[in-house]
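Everything below concerns the one structure shown next.
The values are calculated or read from the model by the stated rules, or taken from the named source; none is laboratory data. Just so we're clear, the structure is a prediction, and the values are computed from it rather than from any experiment. Cβ placement follows ideal geometry from the backbone for every residue including glycine, while neighbour counts extend to all protein chains displayed. What goes into the accessible areas is simple: the full protein's heavy atoms, side chains included, and nothing from ligands, DNA or RNA. Shrake-Rupley method; radii C 1.70, N 1.55, O 1.52, S 1.80 Å.
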Amino acid sequence: MRKNKVCKIFSVVMILVSALVCPISSNAYSFLKTADGSADISGLKDSYIVFQSWNGFTQETRWAIDYASRQWNNRTGYTKLYHSATQHSEENKYPVQDGRNLITKVSNIVNTTGNVTLMRTYYYYDLYGTKYQIYESDIVINNSVPWRNNGSANGYDVQNVMTHEFGHMLGLGHSEFTEATMYESSSMGEIKKRDLHQDDLNGFNALY
Ligand SMILES: [Zn+2]
């Protein structure tokens, strides 16, 4: 009994000590999960992913998508996101698993939580050896909210939110850091997600 008591006190002291030594975890990133939430997704199956944009996007929106993907390529040093010169013509329907990685717009994205969903990334994964990896991914843009390409305060910045969605395409979940690109929410006029935070890079480096 006495020994147990000593052990308990000791363990409490140990927790206090470890809390002092490492006050805050330096990483706040997470990975995407399998549908049942039981396992992490371990990034892309292939070394890169080629995506196609809808042919109805304006040139400015195509550039915003392009810059968003290049931010990941340039900052990580790994070219994992290729913007195809081929465009597709599918809009206003949710993408399906069809061997292509499509970026398109839909008239609305229904969210039962009451929050507005600006964009949504769909990912299709399978078990390869011991790892769940993404073999296909699509991104939809909610056309019922105002979009801008210049960070103006009366709309959501396409490049800002798209940089976040590409993080999902690569296998990252949400970060707890409000300054990170992978933080879960965005506001009108926000452009800080265009530039990756160190936590986003740490998450990428943990995957690849
Ligand atoms: Zn997200």
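The Cβ shell under 10 Å around Trp72 holds other residues with a net charge of +2, Lys and Arg each +1, Asp and Glu each -1.
Over all other residues within a Cβ to Cβ distance under 10 Å of Lys131, the charged ones net out to -1, with Lys and Arg as +1 and Asp and Glu as -1.
Summarising the label geometry, the points placed 7 Å from Cα in the beta-carbon direction at Thr79 and Trp63 lie 2.2 nm from one another. Descending by average beta-carbon neighbour count within 10 Å, the peptides 75-81, 90-96, 176-182 line up as 176-182, 75-81, 90-96, the highest first.
Roughly what % antiparallel, to the nearest 5, for the DSSP beta bridges in the chain? The antiparallel fraction comes to roughly 45 percent. Computed from the C-beta positions of Ser107 and Glu179, the FRET efficiency with R₀ = 35 Å rounds to 0.60. The Cβ shell under 12 Å around Arg100 holds other residues with a net charge of -4, Lys and Arg each +1, Asp and Glu each -1. Accessible surface calculations at 1.4 Å, restricted to protein heavy atoms, place the chain at 55 Å² per residue.
Carbon and sulfur together cover what percent of the accessible area of the stretch 30-207 at a 1.4 Å probe radius? Its accessible area is 45 percent carbon and sulfur atoms. Helix 2-21 and the long axis of the chain differ in direction by around 40°, with both axes built from C-alpha atoms. One-quarter of the Cα convex hull surface for the stretch 107-163, in nm²? One quarter of the hull surface, i.e. the mean projection, equals 5.3 nm². Sequence-distant contacts, meaning Cα pairs under 8 Å at least 6 residues apart, place the relative contact order of the chain at 24 percent. From most to least packed by mean Cβ count within 10 Å, the peptides 168-174, 62-68 give 168-174, 62-68.
In the stretch 58-153, what % of DSSP beta bridges are antiparallel (nearest 5)? Expressed as a percentage, antiparallel bridges in the stretch 58-153 total about 70. Compared with the dominant principal axis of the Cα atoms in the chain, helix 158-169 is inclined by about 60°. Decide, for the stretch 88-182, between rounded, prolate and oblate: order the square roots of the alpha carbon gyration tensor eigenvalues as a ≥ b ≥ c, take rounded if a/c falls under 1.5, and otherwise choose prolate if a/b is larger than b/c, else oblate. Since a/c reaches 1.5 but b/c is at least a/b, the shape of the stretch 88-182 is classed as oblate.
Using only the C-alpha atoms, the convex hull of the chain corresponds to 169 Å³ per residue.
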